[in-house]
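A.B. asks: Quick one: structure below, then a few questions.
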Amino acid sequence: MLAKSDSQADYYCFCDQDDVWLPHKIETAVSRLEASTETEQPAMVFTSTELTDGELNPKGIWPKPQQREPSFYNALYENVAIGATITMNKAVRNLFVDHDRPDSRKILMHDWWFYLLVSSFGQVIYDHEPSMLYRQHGSNVVGGSNSPIGKLKGKLRSFQKHTGKGLLHLQASEFNRIYGELLNPDLKEQLDLFLRPRPRLIQRIRYVRNSKLHRQSKAESLLFKILIIIGFI
């Protein structure tokens with residue numbers, strides 16, 4: 001859809017039809033992009049959301065503010081960018097359409113792919129102020145929760161979906177195929193380290209010691225390291 005969008009537009013947004021944009025969404029995002037980046041630099045803004053039920057009754061802010069700045073080192077392990085909140089500039093669209101199209105079977109989510117892409121070559125801006133009402137109802141494919149049990153279930157679903165099946169590796173391999181040669185040396189080194197086979201325990205321990213990759217929370221980063229060491233990831 002992005003490839004078929006108007007190539008003359010200055011900014012692009014993803015939109016989920018069951019959610020409600022707040023009136024300031026585009027204006028605030030464009031202001032942040034214009035104030036923070038050069039026009040030629042790929043850049044995107046994403047925000048938290050106001051959770052609601054199916055009747056738009058408020059249920060709180062989700063997710064809570066990020067503990068660490070968005071970065072490539074986070075994007076290989078975790079997606080924090082909620083697709084329907086993303087606004088990106090033309091440079092991002094050009095970066096996407098001017099290269100090979102990724103195999104959609106190897107991508108976990110479209111918003112995750114763009115978080116990975118923009119954090120590699122430009123600037124990812126997080127705004128904790130919600131830009132939309134995120135409607136939670138019985139037909140949600142994905143969604144959020146602020147309750148302790150809901151958060152725990154969400155984390156468990158995420159780990160079950162994205163680990164143990166090589167899905168993170170598959171997505172990273174596809175990214176390397178398309179953009180690997182364009183990465184700066186440090187990012188390329190971290191990507192290669194992640195993709196390198198680690199059949200032996202000592203290799204997995206060395207990887208954990210040398211990797212700069214992380215998840216947002218220290219607890220989840222530690223769990224990820226343990227899963228790598230035992231060969232689950």
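The values are calculated or read from the model by the stated rules, or taken from the named source; none is laboratory data. In this text, all values refer to a predicted model and were calculated from it rather than measured experimentally. Glycine also receives a Cβ, built like all others from the backbone with ideal geometry; neighbour counts cover every protein chain displayed. Remember, those area values only see protein heavy atoms, side chains included, never the ligands or the DNA or RNA. Shrake-Rupley method; radii C 1.70, N 1.55, O 1.52, S 1.80 Å.
A.B. asks: With respect to the cross-link table entries Lys188/Lys225; Lys106/Lys212; Lys4/Lys188; Lys25/Lys218, which display a Cα-Cα separation exceeding 28 Å?
C.D. replies: Pairs exceeding 28 Å: Lys4/Lys188; Lys25/Lys218.
A.B. asks: So, one more: Report the residue, chosen from Leu117, Leu201, Leu213, that carries the largest GNM mean-square fluctuation when the chain is represented by alpha-carbon nodes joined by springs under 10 Å.
C.D. replies: Most flexible of the set in this elastic network: Leu201.
A.B. asks: Could you tell me the accessible area of Ser131 in Å² (1.4 Å probe, neighbours in place), rounded to the nearest ten?
C.D. replies: 10 Å²
A.B. asks: A further question follows. Please arrange Arg209, Arg135, Arg101, Arg93 by accessible surface area, largest first, computed with a 1.4 Å probe and ligands excluded.
C.D. replies: In descending accessible area the options line up as Arg209, Arg101, Arg135, Arg93.
A.B. asks: State the Cα centre-to-centre distance between the range 8-24 and the range 36-92 in whole Å.
C.D. replies: The distance from the Cα centre of the range 8-24 to that of the range 36-92 comes to 13 Å.
A.B. asks: What is the diffusion coefficient of the chain in µm²/s, taking the Kirkwood radius over Cα pairs and the Stokes-Einstein relation at 25 °C with a viscosity of 0.890 mPa s?
C.D. replies: Once the numbers are plugged in, D ends up at 131 µm²/s.
A.B. asks: Connecting C-alpha atoms closer than 10 Å in a GNM of the chain, tell me which of Asn210, Asn176, Asn94 has the biggest fluctuation.
C.D. replies: Asn210
A.B. asks: Can you show me the helix-derived [θ] at 222 nm for the chain, built from DSSP H runs with n ≥ 4 at -39,500 (n - 2.57) apiece and divided by the number of residues, rounded to the nearest 500.
C.D. replies: -12500 deg cm²/dmol
A.B. asks: What is the local net charge at His214, summed over the other residues whose Cβ is closer than 10 Å to its Cβ (Lys, Arg +1; Asp, Glu -1)? Working shown, then result.
C.D. replies: Working: positive: Arg68, Lys212, Arg215, Lys218, Lys225; negative: Glu78, Glu220.
Result for the local shell: +3.
A.B. asks: Please identify, among Lys90, Lys64, Lys212, the residue showing maximal mean-square fluctuation in a Gaussian network model of the chain using a 10 angstrom Cα cutoff.
C.D. replies: With Cα springs under 10 Å in the chain, the top fluctuation among Lys90, Lys64, Lys212 is at Lys64.
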